[in-house]
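Data block below; observations after.
Laboratory data are not the source of any read-out in this text; all were calculated from the coordinates shown. Bear in mind the structure is a predicted one, so any value in this text is a computation, not a measurement. No Cβ is skipped: glycine too gets one built from the backbone with ideal geometry, and neighbour counts run over all protein chains shown.
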Amino acid sequence: MMQMIKKTLLLISIAFISFACESDIDIDENQVPSVVVNAFKVDFLNTTDREWEQTGDFFIVEFKKENIDYTAKLNSKGEILMYKYEINKKQLPEAVKKSISLTHPDAEIDDVEVLFINSQEYYQIEIEKSFKDLKKVLDLKGQVTDIAYWD
């Protein structure tokens with residue numbers, strides 16, 4: 001019995017350590033490698049309110065540009081892997097609006113973001129539908145993709 005308790009405690013400890021290693025860690029910009037900060041500043045000029053996080057080998061920066069909320073994910077070489085920014089649902093392309101209205105006629109579009117991955121444009125959409133939120137990523141043609149929703 002005591003052996004079983006020790007094993008259980010060991011497994012719980014390992015799980016907590018693993019979770020702690022994978023969680024986001026808020027860091028000051030001066031703690032971010034200069035190659036990452038410099039690459040970010042080249043691609044995103046005139047930003048404000050930068051807040052950095054580190055997740056494993058990746059760096060996430062939330063910032064404002066022209067009063068629009070952005071988020072970017074960079075690797076340790078300073079390469080921008082993806083970024084997104086908020087838009088109004090009225091700014092969605094017609095093909096995306098039509099796709100949502102056909103597949104979810106009773107739903108309301110809530111949060112909308114433009115998502116760029118490898119220069120490809122997508123739309124992240126949170127849809128409120130009868131007590132359940134759906135999160136979808138659609139391409140410019142309104143097709144649902146297999147890209148994971150980036151919270």
Here FRET efficiency (C-beta to C-beta, LEU102 to ASP69, R₀ 22 Å, nearest 0.05) is 0.15
Dipole size in debye (nearest 20) for the stretch 89-138 around its Cα centre, Lys and Arg Cβ +1, Asp and Glu Cβ -1? 160 debye
Cleavage-rule hits, GluC sites (Glu not before Pro), the stretch 65-151, DSSP coil, Cβ neighbours within 10 Å at most 12: GLU66, GLU79
Between ILE87 and GLN31, the FRET efficiency computed from the C-beta separation at R0 = 41 Å comes out, to the nearest 0.05, as 0.85
What ranking of LEU138, LEU102 emerges when the number of other C-beta atoms within 10 Å of each C-beta is taken as an exposure proxy, fewest first? LEU102, LEU138
Selection of trypsin sites (Lys or Arg not before Pro), the stretch 42-150, meeting DSSP coil and at most 13 other Cβ within 10 Å: LYS77, LYS141
Set LYS65/LYS135; LYS65/LYS136; LYS73/LYS132; LYS73/LYS97; LYS41/LYS84, cut-off 21 Å on Cα-Cα distance; pairs above it are LYS65/LYS135; LYS65/LYS136; LYS73/LYS132; LYS73/LYS97
